[in-house]
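As structure tokens, the structure follows; a few thoughts come after it.
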Amino acid sequence: MTKVIKNGTIVTHDLTYKADVLIDGGRIVEIGPDLKADTQIDATGCYVMPGGIDPHTHLEMPFMGTYSADDFDSGTRAALAGGTTMVVDFALPSPGQGLLDALKMWDNKSTRAHCDYSFHMAVTWWGQQVFDEMETVVKERGINTFKHFMAYKGALMVQDDEMYASFQRLAELGAIALVHAENGDVVADLSAKLLAEGNTGPEGHAYSRPPQVEGEATNRAIMIADMAGVPLYVVHTSCEDSHEAIRRARQQGKRVWGEPLIQHLTLDESEYFNKDWDHAARRVMSPPFRNKQHQDSLWAGLQSGSLSVVATDHCAFTTAQKRTGLGDFTKIPNGTGGLEDRMPMLWTHGVATGRLTMNEFVAVTSANIAKILNCYPRKGAIRVGSDADIVVWDPEKEKTITADKQVSAIDYNVFEGQQVKGLPRFTLTRGHVAVHDGELRAEEGHGQFVKRPPKGAVSKALSSYKAITAPRPVGRSGIPASGV
Ligand code: URP
Ligand code: ZN
Ligand code: ZN
Ligand code: ZN
């Protein structure tokens with residue numbers, strides 16, 4: 001059964017033009033005028049864009065004594081409802097657990113996915129087993145990205161020597177290092193002081209994680225990555241202090257990318273001073289929301305290209321789960337939702353305001369992500385041969401965001417009451433129409449795992465595992481920046 005998307009305007013990261021798109025077997029097979037097919041999708045008045053890719057989600061993740069509430073079922077349905085057709089989730093080994101063992105858990109959970117997906121691997125501890133298994137993860141499993149937590153002391157945090165050893169291993173495998181850049185030691189100290197002074201409410205979370213802890217960690221990660229010769233991707237870049245470090249590194253020719261979240265772009269720190277404890281706790285995430293100056297810096301980064309992608313870090317907890325932190329902000333599960341809202345919120349606050357062009361919108365919501373993560377042009381493109389992951393975007397369609405109507409399993413929405421203009425008319429996942437005018441027709445299990453091979457290693461192979469290695473002069477990885 002062939003399908004054709006007719007009468008729309010194709011918008012990719014580099015082009016805007018009128019043409020029909022012919023789909024067969026889940027792929028784009030032809031682009032041009034007057035194409036015919038078995039069924040027709042009318043895109044009159046709409047933009048035909050690559051489906052969004054969210055490079056940062058935590059679905060059904062064990063974290064802070066509980067599990068994030070959206071799983072691969074509700075999470076990927078929420079994604080499709082908002083025009084996102086691929087998510088990249090974090091496989092998270094508990095400290096001491098093998099990487100391959102953790103991946104089995106993620107393989108099991110993800111069988112429910114309604115859209116395509118991939119994994120990043122988290123490095124939560126360091127040892128011979130992790131060193132050895134990294135090779136299988138990269139070469140056999142097609143996972144080329146590994147996240148290191150510089151925060152969450154006593155839980156997921158890795159030390160600098162571990163990070164340096166891991167980064168070197170990734171360099172030789174041609175993989176990319178990811179960091180959650182916050183100085184966990186300083187956060188722990190500030191948190192303890194705040195609690196001792198009686199500051200137990202959600203605003204304490206923001207006070208305990210000032211922009212400097214993020215700026216310091218970002219600078220440190222950049223320097224360690226440079227010494228190890230590995231490209232670096234800084235997740236949830238929330239402030240100028242971190243953005244400045246990324247900007248400078250890129251100017252110096254380092255392969256460093258920054259990922260602001262839609263939440264940090266559109267919500268500010270005043271949310272934590274709301275008198276309603278639930279309201280503030282629901283917005284507790286790391287890093288916390290910042291002030292307007294930091295927001296302006298993030299928008300400027302997207303405009304100039306010093307920041308590359310927009311994600312959600314979707315890690316949703318119900319109000320009941322958040323309430324485990326009543327009386328102690330350090331026990332509030334960290335994370336917010338956004339999968340369903342990233343595309344409409346970024347369009348409304350970015351494209352409709354003139355801050356971003358439509359092509360920049362596509363770049364930061366899909367094309368740049370696919371290029372960095374190495375699944376372009378299978379994903380992130382409207383091209384013959386690409387997967388038919390497509391959103392038919394209606395710039396006139398409006399709604400008010402409300403938890404009552406969302407797909408996500410949680411009982412609130414951090415964007416509650418926001419009016420958005422620009423929504424999917426259709427969302428297609430590998431040619432299958434999953435969303436038609438707000439009606440969800442997604443299929444559990446339709447989603448497939450997307451392998452993302454390394455781009456090519458240049459560093460000399462390490463002869464053997466080294467728990468801690470002395471700095472050695474190596475060139476930077478030759479992974480091409482792909483213009484992002
Ligand atoms: O608060 C956050 N960001 N929760 C999710 C886990 C992480 O740090 O990415
Ligand atoms: Zn993180
Ligand atoms: Zn995260
Ligand atoms: Zn299908």
(request) Among the residues of region 323-357, count how many are within 12 Å of ligand 1 (Cβ to nearest atom) and not aliphatic (A, V, I, L, M). (result) 6
(request) Please identify the pairs in which a residue from region 20-36 that is in contact (Cβ under 8 Å) with a residue 60 or more places away in the chain has its Cβ atom under 8 Å from the Cβ atom of a residue that is basic (Lys, Arg) and in a loop (DSSP other than H, G, I, E, B), counting only partners at least 6 apart or on another chain. (result) GLY26/ARG430; ARG27/ARG430; ILE28/ARG383; ILE31/ARG383
(request) Quick one: in region 413-437, of everything that is under 23 Å from the mean Cα position of the chain (by Cα) and in a loop (DSSP other than H, G, I, E, B), which residue is surrounded by the fewest Cβ atoms within 10 Å (Cβ to Cβ)? (result) GLU416
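Each row is one residue, and each column tells you yes or no for (1) closer than 28 Å to VAL391 by Cα; (2) away from ligand 2 (no atom under 16 Å from the Cβ); (3) part of a loop (DSSP other than H, G, I, E, B); (4) without any contact (Cβ under 8 Å) to a residue 60 or more places away in the chain.
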{"residue": "ALA280", "(1), (2), (3), (4)": "no, yes, no, no"}
{"residue": "VAL284", "(1), (2), (3), (4)": "no, no, yes, no"}
{"residue": "PRO288", "(1), (2), (3), (4)": "no, no, yes, no"}
{"residue": "HIS294", "(1), (2), (3), (4)": "no, yes, no, no"}
{"residue": "SER297", "(1), (2), (3), (4)": "no, yes, no, yes"}
{"residue": "LEU302", "(1), (2), (3), (4)": "yes, yes, no, no"}
{"residue": "VAL309", "(1), (2), (3), (4)": "yes, no, yes, no"}
{"residue": "ALA316", "(1), (2), (3), (4)": "yes, no, yes, no"}
{"residue": "ASN334", "(1), (2), (3), (4)": "no, no, yes, no"}
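Each row is one residue, and each column tells you yes or no for (1) part of a loop (DSSP other than H, G, I, E, B); (2) crowded, with 23+ Cβ neighbours inside 10 Å; (3) more than 21 Å from the chain's Cα centre (by Cα).
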site: THR330; (1), (2), (3): no, no, yes
site: GLY354; (1), (2), (3): yes, no, yes
site: ILE372; (1), (2), (3): no, yes, no
site: CYS375; (1), (2), (3): yes, yes, no
site: LYS379; (1), (2), (3): yes, yes, no
site: ASP411; (1), (2), (3): yes, no, yes
(request) Kindly indicate whether PRO260 is farther than 18 Å from GLY204 by Cβ and within 20 Å of the chain's Cα centre (by Cα). (result) yes
(request) May I ask you to list pairs of residues, at least six apart or on different chains, whose Cβ atoms are under 7 Å apart, with the first in region 105-126 being over 24 Å from ARG378 (Cα atoms) and touching a residue at least 40 places away in the same chain (Cβ under 8 Å) and the second being among the aliphatic types (A, V, I, L, M) and not in a loop (DSSP other than H, G, I, E, B)? (result) VAL123/VAL130; TRP126/ALA165
(request) Give just the number: which of (1) without any contact (Cβ under 8 Å) to a residue 40 or more places away in the chain; (2) open to solvent by 10 Å² or more (accessible area, probe 1.4 Å) does VAL256 not satisfy? (result) (2)
(request) Kindly establish whether LYS153 is of a type in the set (Lys, Arg) and without any contact (Cβ under 8 Å) to a residue 40 or more places away in the chain. (result) yes
(request) Confirm whether THR85 is open to solvent by less than 10 Å² (accessible area, probe 1.4 Å) and either part of a helix (DSSP H, G or I) or small (Gly, Ala, Ser) (or both). (result) no
(message) I'm trying to understand the selection: among the residues of region 48-82, which are surrounded by fewer than 24 Cβ atoms within 10 Å (Cβ to Cβ) and over 16 Å from the mean Cα position of the chain (by Cα)?
(response) PRO62, PHE63, MET64, GLY65, THR66, TYR67, ALA69, ASP73, SER74
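The values are calculated or read from the model by the stated rules, or taken from the named source; none is laboratory data. Everything numeric here is computed off the predicted structure, so don't read it as measured data. Positions of Cβ are generated from backbone atoms using ideal geometry, with glycine treated the same way; all protein chains shown enter the neighbour counts. Heads up: the accessible areas ignore ligands, DNA and RNA and are worked out on the full protein's heavy atoms, side chains in. Shrake-Rupley method; radii C 1.70, N 1.55, O 1.52, S 1.80 Å.
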